[in-house]
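The values are calculated or read from the model by the stated rules, or taken from the named source; none is laboratory data. The structure displayed is predicted, hence computed values, not measured ones. Methodologically, a virtual Cβ is constructed for each residue, glycine included, from the backbone with ideal geometry; neighbour enumeration extends over all protein chains shown.
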Amino acid sequence: MKKRCEDCGVKEALPNDDLCQECREDMNEFSDRVKVVYKIPWKKYDPKNPPEIGRSYLVSDGHAVDVASFERYWDEEPPRWFPPDRSGIDEFSVFYFATINLPGEDEV
């Protein structure tokens with residue numbers, strides 16, 4: 001008995017696969033689009049060329065990822081990172097950041 005595609009349930013599954021040819025191609029095409037669309041454009045944090053003040057960013061120490069705002073706490077101090085209190089990343093460990101933009105917003 002031939003195995004049916006687990007996705008469409010209509011066509012015969014490919015040998016050594018759970019999907020038919022058409023569903024496998026659709027799955028591969030979707031995977032390729034997701035890889036391109038959702039790649040995060042990380043930037044190396046440089047205090048001499050800081051990001052925009054007053055915004056929240058994705059931040060990373062090279063291992064963990066969290067969200068943090070980049071703010072000036074006092075007018076006379078340089079701006080700094082403010083990650084959440086329970087974050088594994090402190091304000092001095094931010095080496096990379098990425099602008100948060102929602103679907104439909106222009107990239108910055």
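To keep it simple, each residue is scored yes or no on (1) in contact with a strand residue (DSSP E or B) (Cβ under 7 Å, 6 or more places away or on another chain); (2) of a type outside the set (D, E); (3) in a loop (DSSP other than H, G, I, E, B); (4) at pLDDT 95 or above.
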| residue | (1), (2), (3), (4) |
| --- | --- |
| D66 | yes, no, no, no |
| W74 | no, yes, yes, no |
| P84 | yes, yes, yes, no |
| S93 | no, yes, yes, no |
| G104 | no, yes, yes, no |
| E107 | no, no, yes, no |
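Search the range 51-65 for residues being out of contact with any Asp or Glu (no Cβ under 8 Å at 6 or more places or on another chain) and among the aliphatic types (A, V, I, L, M), and hand back the single one that is surrounded by the most Cβ atoms within 10 Å (Cβ to Cβ).
V65
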